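To keep things clear, I will list the structure first and then write my remarks on it.
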Amino acid sequence: MTFASIEFLFYFFPLFLVSYFSAKTITTRNYIFLAFSLVFYAAGYTPHMVILLFSVAVNFFLARKVDAREGHARKQMLIVGVTFNLLLLGVFKYTGFLVENLDVVLEPLGLAIARPRIALPLGISFYSFHAISYLADIYKGRVRANRDPVQFALYMCMFPQLVAGPIVRYSTVARQLSERRVTPGRFSAGARLFVIGLAWKVLIADELARLVEGVFDTTTDPTFVESWLAAYSYTIQIYFDFAGYSTMAVGLGIMVGFALPRNFRIPYSANSITEFWRRWHMSLSAFMRDYLYIPLGGNRRGEMRTYVNLGTVFVLCGLWHGASWNFIIWGAHHGFFLIVERAGLGRLLARLPKPLSQLYTVLVVLTGLVWFRASDIHGAIEMFQGMIGLNGLHRPSMALGFGLTTLSVTAMIVGGLIAFVRWPRWSLLSGEGRAAMVVDFAFIGLLMVVSIIWVGGTNATPFLYYQF
């Protein structure tokens, strides 16, 4: 089940709202919210519910142990907790990747290990990071362990952010788990964000999916035109797919009294990769900074150590996204440009006209996304060959014939205008602010009607970040 589906929009969510607001106490609402969250998760793949509940139970126990100890014993329990979550994530996400690479080493010896068939549990990358941040913040004394198992389970499992983020720190919602209220104004603001996110997903991201899939997945030796159209389209698609999900998640949270963290702030308008990562997947950036980069030493141990820390963080960031060398290269790609900017390029970018520095940022992000989207290294190299013209300029192709439609071209143009341009006079276009009340109401109403028509007339497309 996805937010952009008939099942969610017409059955699950209305039933949830009726049940939730029928309850008079926060405790009862927490039970209802948790129950619906588990049903939502089970709709993805029910057997993985066992892994989620196991993670919740073990982390609830470990958190209390960390909180109860002092000194070295406290640190030992934190290490146990972090190790548990990383092992859980590693077993399900990286076992196949590890075996595959071991087979490469063993092949000259005539040996091989059968690759295990382990399905990736939905959302495990996100709820594992939720648990790690919770345990670390308890260890640092920022929060106390929650002794109410329902409240903690709700923090880990609430359906708006469970399967694709944003990564929510316990301190962000700690008070709201036991004390929150919803006003008509807040509910309306949340609904508005939900509609904007839904429109981004179904009217822009999904309209580009066919073209992206056609070139990246089925086209051999893509031409200059095909490769650039596909790379640009994917740059637009992944932003509006992921930012659309995050915006819907934040909106859903506001509608029921939870203030979830914002995840995007017009990242393609950034004037450097450093600024880009302050605007893209902001909850992940903050997590990697606070729980990895700073513990590694941050920028406190000299320039060379800072460069090593940046490179390490972004290689691991790439690996977090997926068990593939392509993701590792994507992470190293961003780490390289962050290091170069810190070494001096950032000062040059600050002196350039903003359109030029923004163009640099977009090109770095776009070329990085080729590694991110391609199925393997060979596929990425084929795309880069096409982008520099080695596969010819243009030829008739099925990918463009089926994927390049009036709607997809419109999505490219409108998506580009919203993603790349900051609109100071009408920030509603980018989800940043409000227009005049009448215009705002009419615009959001129109978006809602059109988006629902689109959902009803097409097959539901899974969110791209569900796979991570």
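The values are calculated or read from the model by the stated rules, or taken from the named source; none is laboratory data. Computed from a predicted model, the values in this text were never measured in an experiment. Here Cβ is always computed from backbone atoms with ideal geometry, including for glycine, and neighbour counts include all displayed protein chains.
Residues in segment 297-308 include none that are among the aliphatic types (A, V, I, L, M) and in contact with a helix residue (DSSP H, G or I) (Cβ under 8 Å, 6 or more places away or on another chain). Residues that are under 14 Å from residue 464 (Cβ atoms) and touching a residue at least 40 places away in the same chain (Cβ under 8 Å) number at least 2 in the following helices (runs of 4 or more DSSP H) confined to segment 183-276: 206-218, 224-255. Just wondering, is there one or more residues in segment 68-75 that are assigned to a loop (DSSP other than H, G, I, E, B) and either over 23 Å from residue 175 (Cβ atoms) or more than 23 Å from the chain's Cα centre (by Cα) (or both)? Yes; the residues of segment 68-75 include at least one that is assigned to a loop (DSSP other than H, G, I, E, B) and either over 23 Å from residue 175 (Cβ atoms) or more than 23 Å from the chain's Cα centre (by Cα) (or both). Taking segment 370-382 as the range and being touching a Phe, Trp or Tyr at 6+ places or on another chain (Cβ under 7 Å) and crowded, with 20+ Cβ neighbours inside 10 Å as the test, the residues that pass are 370, 371, 372, 373, 374, 380. Cβ-Cβ contacts under 6 Å between residues 6 or more apart (or on different chains), taken from a first residue in segment 378-402 that is over 18 Å from residue 365 (Cα atoms) to a second residue that is surrounded by 12 or more Cβ atoms within 10 Å (Cβ to Cβ) and among the hydrophobic types (A, V, I, L, M, F, W, C), are listed as 389/224; 393/224; 394/225; 399/215. The sole residue among 279, 300 that is free of Cβ contacts under 8 Å to residues at least 24 places away in the same chain, more than 28 Å from residue 15 (Cβ to Cβ) and under 19 Å from the mean Cα position of the chain (by Cα) is 279. Cβ-Cβ contacts under 7 Å between residues 6 or more apart (or on different chains), taken from a first residue in segment 90-119 that is free of Cβ contacts under 8 Å to residues at least 24 places away in the same chain and loosely packed, with under 13 Cβ neighbours inside 10 Å to a second residue that is of a type in the set (D, E, K, R) and assigned to a helix (DSSP H, G or I), are listed as 112/103; 113/103. Do we have any residue at all in segment 332-350 that's in a helix (DSSP H, G or I), closer than 12 Å to residue 216 by Cβ and modelled with pLDDT of 95 or more? So far as segment 332-350 goes, no, none of its residues is in a helix (DSSP H, G or I), closer than 12 Å to residue 216 by Cβ and modelled with pLDDT of 95 or more. Of the listed requirements (1) under 27 Å from residue 89 (Cβ atoms); (2) in contact with a Phe, Trp or Tyr (Cβ under 8 Å, 6 or more places away or on another chain), residue 16 misses just one: (1). Residue-level check: of (1) of a type in the set (Gly, Ala, Ser); (2) in contact with a Phe, Trp or Tyr (Cβ under 8 Å, 6 or more places away or on another chain); (3) in a helix (DSSP H, G or I), residue 323 misses just (3).
Residue-wise test of (1) in a helix (DSSP H, G or I); (2) among the β-branched types (Val, Ile, Thr); (3) at positive phi.
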site	(1), (2), (3)
84	yes, no, no
96	yes, no, no
100	yes, no, no
117	no, no, no
132	yes, yes, no
138	yes, yes, no
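Selection over segment 241-271 of residues that are over 15 Å from the mean Cα position of the chain (by Cα) and under 18 Å from residue 330 (Cβ atoms) gives a count of 2. Taking every residue in segment 330-345 that is among the acidic types (Asp, Glu) and pairing it with any residue that is part of a helix (DSSP H, G or I), at least 6 positions away or on another chain, the pairs with Cβ-Cβ distances below 8 Å are 341/273; 341/274; 341/349.
Residues in segment 173-210 that are surrounded by 17 or more Cβ atoms within 10 Å (Cβ to Cβ) and β-branched (Val, Ile, Thr): 173, 195, 196, 202, 204.
Among the residues here, residue 11 qualifies as assigned to a helix (DSSP H, G or I), without any contact (Cβ under 8 Å) to a residue 40 or more places away in the chain and among the hydroxyl-bearing types (Ser, Thr, Tyr).
Does segment 337-347 contain any residue that is buried (at least 20 other Cβ atoms within 10 Å of the Cβ) and among the small types (Gly, Ala, Ser)? No, segment 337-347 contains no residue that is buried (at least 20 other Cβ atoms within 10 Å of the Cβ) and among the small types (Gly, Ala, Ser). Checking each residue in segment 366-383 for being under 17 Å from residue 328 (Cβ atoms) and part of a helix (DSSP H, G or I) picks out 367, 368, 369, 370, 371, 372, 373, 377, 378, 379, 380, 381.
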